[in-house]
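Here the structure comes first, spelled out in structure tokens, and everything after it is commentary.
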Ligand SMILES: [Fe+2]
Ligand SMILES: [Fe+2]
């Protein structure tokens, strides 16, 4: 009775190449198990993955029954094995870092095969010979165990696993473990980069309350829009391009980090010089991103991110790029950027514009040759800006009335309605000059129904202005609801509330 011939060097090299090419970790594990089974000619095989000291079942293949199952299926019959389990053959192989070869499972007292016997009985199968091989990587960390079952000779008779197979499967398992660890490592680095990018841009947005959701909104539109394009248009954006587009969205305004807040938050018209400084954020974006070492597959991100104010007619900035010099992804980025700037509820210099009006402005920009009309049309069709079934334009427009009275030389401003991002500038306009008329101002909030973070910010600006002008600002009639709405309790040491 001859055993299956040992694989030649070409076969082993082919397996090595197949392993190193496989990007999907699930498929990688299947490739490993298939290769080990083909080399030994065995009938069945299992693969366990080690995580947090537990061996979790991952794949089971039984050739004679035409059976193939992964943990994503219905593998509930195969319980996880704690690495501390001293009599389980898989955990012993994992801990001992050596293959364990058992000629007959039913005639072996060294290990506890009650689990295997139970599964045999349930599945109507008979496991006899077993070869358990640990998979450990170049850092000597065990990542899993391959368990091969029922070696067969060339006639198909079940025989013990020949000792010659042990080093072959052992080295294959190590090679596979290294590939597996590298895949996981690459995925972890990718996730680290993505999360770092998100944290950075969120921190930059948070510098100004007027811009707090800009990048987040754009990322949301971009994700929905590319998914829609893939499903409904002839434009296919594969995973890598999609990731680069999203990363460019997250990073496009990173240069705003160095724009002074006096300019970022200015509520009036910017001077020419202030516009120049504001526009320089794209150059800063480019400079900052060019200092970062992006992986090869993300190398376009700095260029894409810093081109979001370029126009197709060459009249954008900073480089005046035109036509084909502006990639498809950047054209998307520009449209999303303008759309969110127009419809945002938190810009200092203007109230939010309804979606139809924003599209009228974008249509006009397309007519002037600034943005891509085709992409704009697709973006409209996609309705990617809608959130949870309702459109942003349906949000209630907040209103507020301010009435002025003077009592014993003291100025009282009574607010009625909602002090929100859209009405906050109204209060600021009334408040700032008021300190020139009176050194004591009371804001009566009895009839105020709502206060937002932008509203609170104006109250703080009012307080600072009062101090600068040697005046005093007091809040009265602040209800518990208002107090809680934006947790004003934290500000009672700054704002005088009576
Ligand atoms: Fe920008
Ligand atoms: Fe932007």
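The values are calculated or read from the model by the stated rules, or taken from the named source; none is laboratory data. Remember, predicted model here, so these are calculated numbers, not experimental data. Cβ placement follows ideal geometry from the backbone for every residue including glycine, while neighbour counts extend to all protein chains displayed.
Structure notes:
- Those strands (runs of 3 or more DSSP E) of segment 1-104 in which 1 or more residues are surrounded by 15 or more Cβ atoms within 10 Å (Cβ to Cβ), at pLDDT below 85 and under 31 Å from the mean Cα position of the chain (by Cα) occupy 54-62, 67-70.
- Boolean, residue 274 is free of Cβ contacts under 8 Å to residues at least 24 places away in the same chain, within 16 Å of ligand 1 (Cβ to nearest atom) and surrounded by fewer than 23 Cβ atoms within 10 Å (Cβ to Cβ): yes
- Residue that is nearest to ligand 1 (Cβ to nearest atom) [pool: residues in segment 210-238 that are within 13 Å of the chain's Cα centre (by Cα) and over 30 Å from residue 456 (Cβ atoms)]: 222
- Unique residue being more than 15 Å from ligand 1 (Cβ to nearest atom) and exposed (fewer than 12 other Cβ atoms within 10 Å of the Cβ) when the list is 266, 296: 296
- Lone unmet requirement of (1) within 16 Å of ligand 1 (Cβ to nearest atom); (2) exposed (fewer than 14 other Cβ atoms within 10 Å of the Cβ); (3) within 29 Å of residue 239 (Cβ to Cβ) for residue 260: (3)
Table: residues versus (1) more than 16 Å from ligand 2 (Cβ to nearest atom); (2) assigned by TED's automatic domain parsing to the domain that holds residue 385; (3) out of contact with any helix residue (DSSP H, G or I) (no Cβ under 8 Å at 6 or more places or on another chain).
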{"residue": "188", "(1), (2), (3)": "yes, no, yes"}
{"residue": "195", "(1), (2), (3)": "yes, no, yes"}
{"residue": "198", "(1), (2), (3)": "no, no, no"}
{"residue": "213", "(1), (2), (3)": "no, yes, no"}
{"residue": "218", "(1), (2), (3)": "no, yes, no"}
{"residue": "223", "(1), (2), (3)": "yes, yes, no"}
{"residue": "226", "(1), (2), (3)": "yes, yes, no"}
{"residue": "237", "(1), (2), (3)": "yes, yes, no"}
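- Of all residues in segment 277-293, those that are within 12 Å of ligand 1 (Cβ to nearest atom) and closer than 16 Å to residue 247 by Cα total 3.
- Helices (runs of 4 or more DSSP H) wholly inside segment 237-335 that include at least 1 residues being closer than 30 Å to residue 430 by Cβ: 261-264, 272-279
- Criterion: assigned by TED's automatic domain parsing to the domain that holds residue 48 and either within 12 Å of residue 42 (Cα to Cα) or touching a residue at least 60 places away in the same chain (Cβ under 8 Å) (or both) - qualifying residue of 125, 118: 125
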